[in-house]
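The values are calculated or read from the model by the stated rules, or taken from the named source; none is laboratory data. In this text the structure is predicted, and so the values were computed from the model without any measurement. Cβ placement follows ideal geometry from the backbone for every residue including glycine, while neighbour counts extend to all protein chains displayed.
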Amino acid sequence: MSSPIPDDVRAAVQAIHDAPAVAVLAVTGAGASALTWLFAVPGASRTVLEARVPYARATMIELLGSEPADYVSAATAAAMARAAIARARALQGLDHAGAPSVGFACTATIATDRTKRGEHRVWVAVADGTRVACSGLVLAKGERDRAGEEDVVARLAIRALAAACGVAARGVALPLLAGERVETREEPA
């Protein structure tokens, strides 16, 4: 049995589906719960053109056209979002002609079944044709289990996608711990 979608997330996802934008999403390392939530709320076919999970090194290289210097960085998330919006524009066709297109990306490294040397962190990026907006977060290592870190990553992802679709997602709680803060960056498309 799947876990229920939190009410705050459900409301944001419904608003995303009610917005006119269509999206291609690319998620790796963590954040797959955001995809699950998008598909669990009726109306996903109005929003999602394609969802990709380039989890293996070869699939990430295929998505980007080259190997990134750092798999979890603002630059990699932005490159993924640019690739996703290009794909969205190619897929729009007659069914979604004229709809605003969005490329969404999430790349993360979180708790796993072995001790990691580096930080647990996430970068999400959204390309809307005029800009690429990135949000990043370093998680307090060892303070949450994988499910707890996945929840934070997925919530950050939903908030970013909602903003790109012109939907206010302030109601989506982002359970940050002491010392954690979201970093934002924006660059021209």
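For region 108-122, state whether one or more residues are within 12 Å of the chain's Cα centre (by Cα) and among the polar types (S, T, N, Q). Looking for residues that are within 12 Å of the chain's Cα centre (by Cα) and among the polar types (S, T, N, Q), one finds none in region 108-122, hence no. With respect to the conditions (1) over 21 Å from residue 159 (Cβ atoms); (2) crowded, with 16+ Cβ neighbours inside 10 Å; (3) hydroxyl-bearing (Ser, Thr, Tyr), residue 33 lacks only one, and its number is (1).
Take the conditions modelled with pLDDT of 95 or more, out of contact with any strand residue (DSSP E or B) (no Cβ under 7 Å at 6 or more places or on another chain) and hydroxyl-bearing (Ser, Thr, Tyr) and apply them to residue 59. Does it pass? Walk me through how you get there before you give the answer.
Details: modelled with pLDDT of 95 or more: yes; out of contact with any strand residue (DSSP E or B) (no Cβ under 7 Å at 6 or more places or on another chain): yes; hydroxyl-bearing (Ser, Thr, Tyr): yes.
Considered against the rule, which asks whether it is modelled with pLDDT of 95 or more, out of contact with any strand residue (DSSP E or B) (no Cβ under 7 Å at 6 or more places or on another chain) and hydroxyl-bearing (Ser, Thr, Tyr), residue 59 comes out as yes.
Among the residues here, residue 59 does not qualify as among the polar types (S, T, N, Q) and within 19 Å of residue 150 (Cα to Cα).
For the residues 150, 180, the requirement of being on the phi < 0 side of the Ramachandran plot, surrounded by 15 or more Cβ atoms within 10 Å (Cβ to Cβ) and among the acidic types (Asp, Glu) singles out 150.
Of the residues that sit in region 20-42 and are within 17 Å of the chain's Cα centre (by Cα) and in a loop (DSSP other than H, G, I, E, B), which one is nearest to residue 86 (Cα to Cα)?
21
When residue 131 is tested against (1) under 20 Å from residue 54 (Cβ atoms); (2) in contact with a strand residue (DSSP E or B) (Cβ under 6 Å, 6 or more places away or on another chain), only condition (1) is not met.
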